[in-house]
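Working notes, beginning with the structure itself.
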Amino acid sequence: MNLICGKMMDSEQAKQQLALIDEIVLHALASGKLARDHVITACDTLSKKLNEQEHLPLLVALGMENRKAKDELGTVRRMLSRESLEERINREFGDWTERSFQPLGDKRTVRQAWEPLGALLHIAAGNADALPVFSVIEGLLTENVNILKLPGDGDELSIRILMELIAIEPRIAEKVIVFDLPSSDISAMKQLADVADAIVVWGGDAAVHAVRQMAKPNTRIIEWGHKISFAYVSGDEVSDADLQELAQHICETNQLFCSSCQGIYVDTNSFDQVATFANRFLGILEQAAGRDPLPDDPFRNAQTTLAVYTEELESIHAEKRVFRGEHCSVVAYNDNELVPSYMFRNAWVKPLSRENILKVLKPYKNYLQSVALICEQERRQTLEETLVTAGIVRVTCGENLSAHYCGMPHDGEFELRRYIKIVSFER
């Protein structure tokens, strides 16, 4: 699916437009900026149109469980509302987007203003439905022209939302160019990269490396790379309620997001304590998984079963223990290496005494994102400071690890600020 300046096109038509991409982008830039308020109005109008009768079936068709689809629809409506977008602009830009002043010791007047970078190329990841369209909306909110390269499996939901926005505000059409082409088409990718002032890349190290190889030296690269999140448990008074929230989070996200809990570090050096905790957590995770069963997928089930069975075989000769439940598992290890889980409700538990947090986690620095900190209140501030020093950018509870709030930074940065420049005007 290709959407070029408001028109849906097949692959052959898109190729013809790709040959003209320089002219298309220059025309979009020369036509002037699309004011932020027009974008906000369009998004707000769309948020009011979204309803369960018409749009809930679309989310369910993507594989979402009905309750989760309702929650997602509500989240999208809030994120697209005028109140949310205006609050986000205020949080990210502060109390000014343009100001005039006389510099210290100077008599001239200087005007500073936030201005768009120009044309953004968004190379989207496919680990979350509609993520590409929200990247484009951020580009529109910063008054940029936006070129979107869809993820490998396409994204019908993103296309639908963009078409709805264009129907509400036709001026959006020339500011949005969507190509559905494979990343392996290096020639086409380079054509898109060459016309961009900045490339916004969502993905892991391989994706970022490929973009760096492809981009010209004078093209800015804005990386939203893969991150890893986990839980840290400290103290003897950890309640089942706290662990139930964490288990529910693991089941709701299936450990697919950068903010999903991959595993749990326990404040100890004792493998026996780790194994005891892992066994306890399995029971809680199993209950959560039973309340929210996964859709049947023979291929995924086979992969997970094989991975867990391999762990069981290795545990005969290694210091690890496997606790297998109904449609979930917890593996206790005696190392403290930070690794992804097998996902889909298969978590690890490892020892990490608070004295060793910096030593163990600091090497992972820019890969760290969120931590669910479960501890006694008197330890909380000290543990927070240590985790932040190691590189963590969000500390929360298990329930909120993947929850979004209005004005929340992304990976420790405000996204919109990365899509603008501050221009100084003076006479």
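The values are calculated or read from the model by the stated rules, or taken from the named source; none is laboratory data. Because the structure is predicted, anything quoted here is derived from the model rather than measured. Cβ sites come from the backbone with ideal geometry, for glycine too, and all protein chains shown count toward neighbours. When the accessible area is computed, the model is the full protein with side chains, heavy atoms only, and any ligands, DNA or RNA have been set aside. Shrake-Rupley method; radii C 1.70, N 1.55, O 1.52, S 1.80 Å.
Quick notes on this structure:
- Computed over region 292-394, Kirkwood Rh from alpha-carbon pairs, angstrom: 15.7
- 3J(HN,Hα) along region 167-173: 5, 6, 10, x, 5, 5, 3 Hz, from the Karplus curve 6.51 cos²θ - 1.76 cosθ + 1.60 with θ = phi - 60°, whole Hz, x for Gly and Pro.
- Under 5 Å from the amide H of residue 64 lies no amide H of any residue 5 or more positions distant or on a separate chain, with H modelled from the backbone and absent for Pro and chain starts.
- Cα-only Debye scattering, region 235-330: base-10 log of I(q)/I(0) at q = 0.10, 0.16, 0.23, 0.24 Å⁻¹: -0.29, -0.75, -1.41, -1.47
- Debye intensity ratio I(q)/I(0), log10, the chain, q values 0.08 Å⁻¹ (C-alpha model): -0.52
- When the inverse distances between all different Cα atoms of region 149-292 are averaged and flipped, the Kirkwood radius reads 19.2 angstrom.
- Value of relative contact order over the chain, rounded to a whole percent, pairs C-alpha under 8 Å and six or more apart: 18
- 1.4 Å probe accessible area per residue over region 207-269, in Å²: 41
- Other-chain or far-sequence residues with amide H under 5 Å of residue 221's (modelled H): 199
- Share antiparallel - DSSP beta bridges, region 20-164, percent rounded to 5: 45
- C-alpha center-to-center spacing [region 203-247, region 252-266] in angstrom: 10
- Shown for region 72-188 is the translational diffusion coefficient from the Stokes-Einstein equation, using the Kirkwood radius over Cα pairs, a temperature of 4 °C and a viscosity of 1.567 mPa s: 79 µm²/s.
- Applying the Karplus relation 6.51 cos²θ - 1.76 cosθ + 1.60 with θ = phi - 60° to region 29-46 yields 3J(HN,Hα) values of 6, 6, 7, x, 6, 8, 4, 4, 5, 5, 5, 4, 4, 5, 5, 5, 4, 5 Hz, where x marks Gly and Pro.
- Rolling a 1.4 Å probe across the protein heavy atoms gives region 286-325 an accessible surface of 70 Å² per residue.
- Beta bridge orientation in region 302-397: antiparallel %, DSSP, nearest 5: 45
- Shape summary: region 205-290 maps onto an equivalent ellipsoid whose semi-axes, from the alpha-carbon gyration tensor, are 37, 15, 10 Å in decreasing order.
- Rounded if a/c under 1.5, otherwise prolate or oblate - region 1-113, Cα gyration tensor axes: oblate
- Over region 277-349: Kirkwood hydrodynamic radius from C-alpha pairwise inverse distances, Å: 12.7
- Table column - 3J(HN,Hα) (Hz), region 217-227, Karplus curve with 6.51, -1.76, 1.60, x for Gly and Pro: x, 9, 9, 6, 10, 10, 9, 10, x, 5, 10
- Accessible area expressed per residue, region 6-94, with surrounding protein chains retained (probe 1.4 Å, Å²): 58
- Long-range HN-HN contacts of residue 146 with modeled amide H, under 5 Å: 120, 176, 177
- Heavy-atom accessible area order for 68, 362, 33, largest first, 1.4 Å probe: 33, 362, 68
- Adding -39500 (n - 2.57) for every DSSP H run of four residues or longer, then dividing by how many residues the chain holds, sets the calculated 222 nm ellipticity at -13500 deg cm²/dmol.
- When each of the peptides 389-402, 242-255 is scored by how many other beta carbons lie within 10 Å of its residues on average, the order from highest to lowest is 242-255, 389-402.
- Surface share of carbon and sulfur [accessible, 1.4 angstrom probe, percent] for the chain: 50
- Per-residue SASA entry for residue 327, accessible area with 1.4 Å probe, Å² rounded to 10: 140
- Antiparallel content of DSSP bridges confined to the chain, in %, to 5: 35
- Taking the C-alpha atoms only, the angle from helix 271-291 to the longest principal axis of the chain is near 60 degrees.
- q = 0.11, 0.15, 0.22 Å⁻¹: log10 I(q)/I(0) that the Debye formula gives for region 356-427, counting C-alpha atoms only: -0.38, -0.61, -1.04
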